[in-house]
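See below for the structure under consideration.
The values are calculated or read from the model by the stated rules, or taken from the named source; none is laboratory data. Keep in mind that this is a model prediction, so the values were computed, not measured. Virtual Cβ from ideal backbone geometry, glycine too; neighbours counted across all protein chains shown.
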Number of protein chains: 2
Amino acid sequence: MSGARAPGSSPVAEERLARAALTRVFEPGDPKVTALLRDGGAKGLVIGLAGRTDPPRGFTASRWQGLRARAARARPEQDLEAAARVGARFVCPGDTEWPAQLDDLGAARPLGLWVRGTVDLRMWALRSVAMVGARACTQYGAHVAGTLAADLAERGWVVVSGGAYGVDGAAHRGALGAGGATAAVLACGIDRCYPAGHAQLMKRIVQQGLIVSELPPGEHPTPSRFVVRNRVIAALTRGTVVVEAAHRSGSLVTARAAQRLGRHTMGVPGPVTSGLSAGVHELLRAEAHLVTDAADVIELVGAVGELGEERRGPVVPRDLLAPEAARVLAVLPARGTVTASDVALGAATVTDDAVARLYELQALGFVERHGDGWQLTRQAVQPGFSTSDAL
Amino acid sequence: MSGARAPGSSPVAEERLARAALTRVFEPGDPKVTALLRDGGAKGLVIGLAGRTDPPRGFTASRWQGLRARAARARPEQDLEAAARVGARFVCPGDTEWPAQLDDLGAARPLGLWVRGTVDLRMWALRSVAMVGARACTQYGAHVAGTLAADLAERGWVVVSGGAYGVDGAAHRGALGAGGATAAVLACGIDRCYPAGHAQLMKRIVQQGLIVSELPPGEHPTPSRFVVRNRVIAALTRGTVVVEAAHRSGSLVTARAAQRLGRHTMGVPGPVTSGLSAGVHELLRAEAHLVTDAADVIELVGAVGELGEERRGPVVPRDLLAPEAARVLAVLPARGTVTASDVALGAATVTDDAVARLYELQALGFVERHGDGWQLTRQAVQPGFSTSDAL
């Protein structure tokens with residue numbers, strides 16, 4: 001790739017492009033990247049990779065050589081185009097869609113996220129819970145994950161998981177089945193389907209939710225990528241629920257990452273005769289909260305924070321909303337509830353899009369979900385919250 | 001009954017007899033008894049019940065009348081004889097067999113305990129764990145209770161429960177099946193079999209362990225007697241494990257009593273889809289430790305206290321042992337293990353009796369159980385511990 005400034009592009013756009021290129025060069029979560037970015041930013045690092053033959057401090061010659069070889073093959077414009085073709089975009093720190101809570105990861109903060117789907121990642125993440133667990137889960141685990149996810153979605157929470165077989169899949173399906181919101185954070189490119197058997201599920205997630213990855217289009221998953229991906233799930237969400245995990249399971253890594261980041265760590269108990277509950281019980285004995293249903297989860301994750309259950313009203317004024325969200329908001333009556341399909345009809349869009357916007361508006365404090373109905377919050381109908389002057 | 005002193009009886013014997021009589025007069029756990037005993041002791045109270053027509057402070061005339069009527073019908077000598085006929089005795093505060101930890105119950109301390117079986121209640125209670133739970137337990141609950149009790153018994157712990165159907169029965173059977181020690185604390189007389197379906201089980205418990213009750217022979221269980229009985233189970237043991245309990249279950253009462261008494265409160269988790277685990281999960285969220293096996297339980301109950309895992313040697317000298325226990329102890333070789341049946345052969349007794357004595361000796365720090373074998377503790381083989389002079 002070239003480090004030269006493209007004609008007409010702004011420094012911000014150049015920095016984005018450089019960050020997109022770097023997602024092809026460095027493995028996710030590499031803490032050395034942050035140090036390298038400190039000097040000349042992403043663009044400076046791209047230029048350095050192109051021209052500097054002697055390795056910077058902390059890098060061996062062979063490692064630097066390997067990174068330079070990757071950088072030489074990086075084509076960020078093509079990656080951005082490939083992403084756009086599947087309805088994805090690249091979100092980086094500083095963007096309005098960047099979830100600020102990822103900054104808690106410090107040096108291991110992602111360079112950026114490739115995001116596929118129509119809704120706003122930042123808004124959704126504000127009211128999200130991670131559900132993780134065994135791939136080879138039992139019927140009990142699948143049942144609990146599905147029910148819990150459905151109930152959380154029903155109550156307006158976004159269910160975040162890893163898109164894998166077992167607990168992850170059951171959680172995504174549970175949320176989707178309740179007409180709710182779900183996001184999958186993958187350990188491969190957002191245009192790849194891993195596992196292959198989840199092709200239909202991924203399609204539905206893209207339509208109704210979000211697929212997120214640190215890796216650029218086309219990248220394959222590797223064992224270490226699964227591990228480092230877990231920190232993103234933990235950091236993005238208000239808390240992590242583990243449903244079935246054996247001793248030394250990757251799900252426990254996610255839960256402990258959540259714990260270190262000050263997020264709520266929760267576990268669903270199971271039979272002590274089941275090896276797939278042993279890891280959860282280990283976690284419950286050490287640090288996690290025991291949860292048995294959605295109410296238990298919401299009691300924890302909804303209790304504090306600026307957008308929890310206790311919030312008093314919208315955090316952005318009505319006239320600063322994106323046009324799509326504003327159109328959906330305009331459909332909601334001052335009193336009573338409407339269904340998502342009625343909202344879609346009123347806003348001249350499809351139901352999936354209406355649902356996505358409604359979740360965004362819920363995260364912003366404008367609307368609430370009650371079963372199948374949506375209604376304006378008490379605060380949203382007050383005139384004071386209708387324009388930016390009121391703030 | 002008569003308050004007059006029987007010819008040849010000592011004041012201590014008279015006080016015992018009076019306490020035995022009072023177990024027929026007052027319901028277990030009545031805190032007013034303690035206040036009444038403060039003045040003239042048990043004998044004084046018996047005399048008062050016989051002669052005093054005006055009620056003492058805190059009693060209505062009709063209640064006092066009712067207690068007097070019960071006292072008039074009490075025949076403690078006959079009760080002691082009835083107890084002796086079924087191999088039982090009356091143990092009261094001050095007796096060497098009285099478990100001092102019951103004093104933690106304060107005003108609700110039992111007047112005394114009717115004890116059926118050949119082993120020493122105090123010794124056994126020092127190394128005991130309570131297991132309680134649902135009567136209508138699931139197969140899972142029965143399996144877990146049985147396995148846990150067997151493993152605890154295997155590792156030398158006495159399993160205490162309430163003799164009921166369900167978890168209680170599974171716990172007693174598990175301990176017995178492992179050739180271990182178990183005690184049932186009943187809400188009826190020690191000569192009654194409640195529930196009737198547990199006749200065979202009770203018979204085996206009497207042979208291999210202990211049946212204990214605050215109520216004199218012949219008394220029937222009542223709902224309130226079950227409730228107050230639970231505090232004895234909680235106080236007698238080092239900790240209480242709840243295996244399956246619905247919300248508002250009596251087992252949770254026992255667990256909370258244990259908690260208030262500073263004992264360890266433990267719960268075995270189960271499927272969140274099972275109503276019979278809901279009470280346990282409630283307890284685990286509030287105050288109890290999550291345990292999944294015998295090792296978890298022993299880690300808690302064995303960690304502290306004068307007779308826990310950390311103890312260094314026998315607490316009484318060898319030459320102060322009861323003759324039966326001394327005979328058993330004399331059989332054990334200086335090195336290596338012997339089975340209980342070999343010990344029985346050597347001590348010229350039956351295996352059940354040998355096992356009972358071995359548990360007593362274990363509580364006293366002389367022997368240890370390893371699977372099916374028994375051996376002297378390292379401290380017990382040191383010459384310094386062989387006589388009372390050494391202490």
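Per-structure values
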{"quantity": "All positions within segment B:260-275 that are more than 7 Å from chain A (Cβ to nearest Cβ) and aliphatic (A, V, I, L, M)", "calculated": "B:L261, B:M266"}
{"quantity": "Residues satisfying the stated conditions in segment A:351-366, i.e. over 15 Å from A:A322 (Cβ atoms) and touching a helix residue (DSSP H, G or I) at 6+ places or on another chain (Cβ under 8 Å)", "calculated": "A:T351, A:D352, A:V355"}
{"quantity": "Residue that is farthest from the other protein chains (Cβ to nearest Cβ) [pool: residues in segment A:132-156 that are out of contact with any Asp or Glu (no Cβ under 9 Å at 6 or more places or on another chain) and surrounded by 23 or more Cβ atoms within 10 Å (Cβ to Cβ)]", "calculated": "A:A153"}
{"quantity": "Any pair with Cβ under 8 angstrom, 6 or more apart, that starts in segment A:230-246 at a residue that is in the same structural domain as A:V268 (by TED's automatic domain parsing) and ends at one that is among the charged types (D, E, K, R) and part of a helix (DSSP H, G or I)", "calculated": "A:A235/A:D104"}
{"quantity": "Criterion violated by A:D95 - all others in (1) under 24 Å from the mean Cα position of the chain (by Cα); (2) within 25 Å of A:H220 (Cα to Cα) satisfied", "calculated": "(2)"}
{"quantity": "Selection status of B:A286, farther than 16 Å from B:V160 by Cβ and more than 12 Å from every other protein chain (Cβ to nearest Cβ)", "calculated": "no"}
{"quantity": "All positions within segment A:253-278 that are in a helix (DSSP H, G or I) and within 27 Å of B:G279 (Cβ to Cβ)", "calculated": "A:A255, A:G275, A:L276, A:S277, A:A278"}
{"quantity": "Segment A:353-377 - residue that is touching a residue at least 60 places away in the same chain (Cβ under 8 Å) and surrounded by fewer than 18 Cβ atoms within 10 Å (Cβ to Cβ) and, of those, nearest to A:W157 (Cα to Cα)", "calculated": "A:G371"}
{"quantity": "Hits in segment B:246-259 (condition: buried (at least 24 other Cβ atoms within 10 Å of the Cβ) and either within 14 Å of chain A (Cβ to nearest Cβ) or of a type in the set (V, I, T) (or both))", "calculated": "B:T254"}
{"quantity": "Single residue of A:V304, A:V328, A:V316 found to be crowded, with 23+ Cβ neighbours inside 10 Å, more than 14 Å from chain B (Cβ to nearest Cβ) and at pLDDT below 90", "calculated": "A:V328"}
{"quantity": "Where a residue in segment B:169-181 is touching a residue at least 40 places away in the same chain (Cβ under 8 Å) and its partner, wherever it lies, is assigned to a loop (DSSP other than H, G, I, E, B), with Cβ under 7 Å and at least six apart", "calculated": "B:A181/B:G209"}
{"quantity": "Segment B:192-221, residues that are of a type in the set (D, E, K, R) and under 18 Å from B:L22 (Cα atoms)", "calculated": "B:E214, B:E219"}
{"quantity": "Among residues of segment B:12-59, those that are on the phi > 0 side of the Ramachandran plot and either in the same structural domain as B:C188 (by TED's automatic domain parsing) or modelled with pLDDT under 90 (or both), counted", "calculated": "1"}
{"quantity": "Out of B:G169, B:G162, sole residue that is within 26 Å of B:R89 (Cα to Cα), surrounded by fewer than 24 Cβ atoms within 10 Å (Cβ to Cβ) and not assigned by TED's automatic domain parsing to the domain that holds B:P28", "calculated": "B:G169"}
{"quantity": "Tally, over segment A:87-131, of residues that are crowded, with 18+ Cβ neighbours inside 10 Å and assigned to a strand (DSSP E or B)", "calculated": "11"}
{"quantity": "Number of positions in segment B:74-86 that are acidic (D, E) and either assigned to a strand (DSSP E or B) or out of contact with any helix residue (DSSP H, G or I) (no Cβ under 9 Å at 6 or more places or on another chain) (or both)", "calculated": "1"}
{"quantity": "Only listed residue being out of contact with any strand residue (DSSP E or B) (no Cβ under 8 Å at 6 or more places or on another chain), under 18 Å from B:R122 (Cα atoms) and not small (G, A, S), chosen from B:R238, B:R204, B:R231", "calculated": "B:R231"}
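Conditions tested, residue by residue: (1) of a type in the set (S, T, N, Q); (2) over 26 Å from B:Y140 (Cβ atoms).
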position	(1), (2)
B:A199	no, yes
B:I205	no, no
B:L210	no, yes
B:E214	no, yes
B:R238	no, no
B:V243	no, no
B:A246	no, no
B:S249	yes, no
B:A257	no, no
